[in-house]
Each structure stands twice: as structure tokens, then as C-alpha cells.
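Asker: The structure's right below; bear with me while I get my questions together.
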Amino acid sequence: MRRLLLTAAATAAALTMTACGTTEPAADGDAKKTAERITITDDSGGKLELDGPAKKVVATEWNVVESLVSLGVAPVGVSDVKGYKMWASAVPLKNEPKDIGTRGEPSMDTIAGLAPDLIVATTDLPPAAVKQLRKVAPVLEIRAADAADPIGRMTKNLDLIAQATGTTEQSAKLKKQFEAKIAEGRKALAGAGLGGARYAFADGYVVSNQVSLRPFTSGSLIGAVSEKLGLKNAWTVKGDEAYGLGATDVEGLTKLGDVQFAYIGNNGDASSTPFTGVLAKDKVWTSLPFVKKNDVHRLPDGIWMFGGPESMNTYIDAVVTALTK
């Protein structure tokens, strides 16, 4: 009887404590879930909350796709898969993700059908589209580019995606590799007497037989990396506030003078290679000092000029090889 009374008293005490708000410790699964909970303030200024590292991720822009692949995360959905494979082959996809539509207009239905843990979008998407995406899954919105600090923006975006996917150690590794590649490339160019060399990078397109050129100013990612290598950006045109891209035509190239000129085209898009296409017989183009000296360098296809550290590492190798050969 004494034992029964003690047991009953203990039970009553436990019930009283529960009523007062004292509970048993959380189960291991709940504790683990709480410990893994992730809160991130993204570039929209809002807070993104995840129960744990995102595994099923959809990406609406190619720089985001590259960051995910570099971090070891295979996105389940990608905008314009064919385009990514053509223009960003330096950092190839490790899986066969679902094509979710164009980068400017992703398909909400297709994304919803993938049931993602996370959607990573950039500020290049209209706010209305991002609002729709938030109805499907949590959205990590990052600023696409920033001409005031293009390299800083690249690494910040990488870090934000790494936080959301639990891959911060890989992010730190990628940043160290990038810094080492910069130092290696700078040393190689200086050793070849190219420290401070005047350099101009551009891409070009032919539309209705008219050539349009985009100078990559110091505010572009390519421009900033090139300057880190010790090259002097020869462009004097003004670039936009996000990507640091300018606009000019063939006559505008006459202002460059004597430079090392580089560009990236793509064999899969004939309109992207005017320098070896419609300009080959253009009198203005053929009269340029750097053309006459054969200081025009086509860098390898597949280096995404707006990508992440791995694209930039490949770019560094490519430009050092081209200028020192």
C-alpha cells in the first residue's frame, strides 16, 4: 500500500508540473530538427526559415545553378537547361534536372510539380514572379549582380546559397581556391611582362546583320577579376549599375588603341561570334591596331561570364594562357 501511495503521489506531481507548463525533454528527432533550423536574411530584406538544409532545390538563373553545382548540390529544376549546358559547360551539371522554362519566365506549374524544399531566384526576375514563387516554396532571393563590388557580390551569393543548403565548408573552400587562382594568374602575367597591360574584354551579337558589342567595364565580374590579375581595363564607356556592361559598336573600338582584346563566343550560337564572322572583312575592324597585331583572343566556349568562382577560375586560366602563349 505504501508503494502504491508513493506512485500515485508521483503521478499527481507530474501532472501538476505539466499543467504549469513544464514538459518532458523533446524527443531526439524534435531536438535535431530544432538544431538544424536555418534562418537567413536574403537580399529582399526578408527572413527565410528552413527546417534544415535544403536538398530539393530549384534555380531560376545560371549563376545560381553554377553555385549549387559547385557546392555539391544537384538542382532538381533549372531554367533553360539546354542554354546552361551550352554557355556554362565549364561547370557542368551532375544530373539531369527538369527544365522549368526560360530564365525570365519560369513555369510555376512545373516548379510546383517538383515540390522543392527551396527556390533560389535572383533580382533579375520581376517581383510579381518572385511573389508567385513564394506560394510554391520558400524562396531565397539574391541580388543578381553589383557593379560596385562584383567579386564581393559573387562570394556573398555563394555564401547565402551555402547557408541554405548546409554547405558552408565547401563555400569556404571554393573562395580559397579562387583567391589562390588569382594570385597564381597575377604572378604568371607579371612574369611574362604583362603586369599593367591594357586589356579589353567584350562580347558581341549580330541581329538583323547589325553588330552590337558589350564592353565589360571595371564594374563587371570579368572586368574586376581581370584587374585583380594586374591587367588595366581599357574601356572608358560607362557600364550599367548591376552587371557593369556598356554598349558600343565597331567604331567605338577605335578608341581602345593598342590593347590585348579578348572575347567569348559560342559555336552553338552563330550570332555570338561577330569577330570571326561579319567583322572579318569589315574595314574598321581590320584597321584596328590590336587586330593588325593579332592581339585578339577568343577564349574557350562554356565559361559563363556572370558565374561563380569556378567559372572565374577557368576564365583566369584561359586569359593567362591566351596572353602568354
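Where a number appears in this text, it was derived from the coordinates with a stated rule and is not lab data. Note that the structure is predicted; figures quoted are calculated from it, not measured. Here the Cβ is made from the backbone with ideal geometry for all residues, glycine too, and neighbour counts use every protein chain on show.
Asker: Residues with amide H under 5 Å of Q260's amide H, sequence separation 5 or more or different chain, H placed in the peptide plane at 1.01 Å from N; which?
Answerer: Under 5 Å from the amide H of Q260 lie the amide H atoms of R198, Y199, A200, each far enough along the sequence or on another chain.
Asker: If you take every DSSP beta bridge fully contained in the chain, what fraction is antiparallel? Give it as a percent rounded to 5.
Answerer: Numbers: 13 of 34 bridges.
Around 40 percent of the beta bridges assigned by DSSP in the chain are antiparallel ones.
Asker: Continuing with the same structure: May I have the pair-distance distribution P(r) for region 253-325, computed from all Cα-Cα distances with 10 Å bins from 0 and rounded to whole percent?
Answerer: Calculated P(r), rounded to whole percents: 18, 45, 33, 4.
Asker: Residue by residue through region 114-129, what is 3J(HN,Hα) from phi via Karplus (6.51 cos²θ - 1.76 cosθ + 1.60, θ = phi - 60°)? Round to whole Hz and write x for glycine and proline.
Answerer: 7, 6, x, 6, 7, 10, 9, 10, 10, 5, 6, 7, x, x, 5, 5
Asker: Within 10 Å of each residue's Cβ, count the other Cβ atoms and sort R298, R153 from fewest upward.
Answerer: With the fewest neighbours first, R298, R153 line up as R298, R153.
Asker: So who's got an amide H within less than 5 Å of the one on S89, skipping anything under 5 residues away but keeping other chains? H placed 1.01 Å off N, in plane.
Answerer: Correct list: G302.
Asker: Under 13 Å from a point 7 Å along the Cα-to-Cβ line of E241: which residues of region 38-80 have their amide N that close?
Answerer: none
Asker: Give a residue-ordered list of calculated ³J(HN,Hα) values for region 261-269 (Karplus: 6.51 cos²θ - 1.76 cosθ + 1.60, θ = phi - 60°; whole Hz; x for Gly, Pro).
Answerer: Running phi through 6.51 cos²θ - 1.76 cosθ + 1.60 with θ = phi - 60° gives 10, 10, 7, 10, x, 7, 5, x, 9 Hz.
Asker: Hey, another quick one. For the chain, set up a GNM with springs between Cα atoms under 10 Å and report which of A190, A200, A74 has the largest fluctuation.
Answerer: Of the options given, A190 has the highest mean-square fluctuation.
Asker: When all alpha-carbon pairs of the chain are counted, what percent fall beyond 34 Å?
Answerer: Here the tail beyond 34 Å accounts for 35 percent of pairs.
Asker: May I ask you to compute the full-extension gain from D109 to E251, defined as 0.36 nm times their residue separation minus their alpha-carbon distance, rounded to one decimal in nm?
Answerer: Numbers: separation 142, 0.36 × 142 = 51.12 nm, distance 4.65 nm.
The span from D109 to E251 would gain 46.5 nm if fully extended.
Asker: On the first, second and third principal axes, largest extent first, how far apart are the outermost C-alpha atoms of region 29-166 in Å?
Answerer: Projected onto the principal axes, the Cα atoms of region 29-166 cover 45, 37, 30 Å.
Asker: Filter K228/K283; K82/K293; K56/K131 down to the pairs with a C-alpha to C-alpha distance above 25 Å, please. Numbers along the way, then the final one.
Answerer: Values: K228/K283 34 Å; K82/K293 37 Å; K56/K131 20 Å.
Long pairs (Cα-Cα over 25 Å): K228/K283; K82/K293.
Asker: Do any trypsin sites (Lys or Arg not before Pro) in region 48-148 lie in a DSSP loop with no more than 12 other beta carbon atoms within 10 Å, and if so, which? Don't skip to the answer; put the middle values down first.
Answerer: Numbers: sites: K55, K56, K82, K85, K94, K98, R103, K131, R134, K135, R143; in loops: K55, K56, K94, R103, K135, R143.
Counting only loop positions with at most 12 other Cβ atoms within 10 Å, the trypsin sites (Lys or Arg not before Pro) in region 48-148 are K94, K135.
Asker: Report for region 29-166 the percent antiparallel among DSSP-assigned beta bridges with both residues inside it, nearest 5.
Answerer: 30
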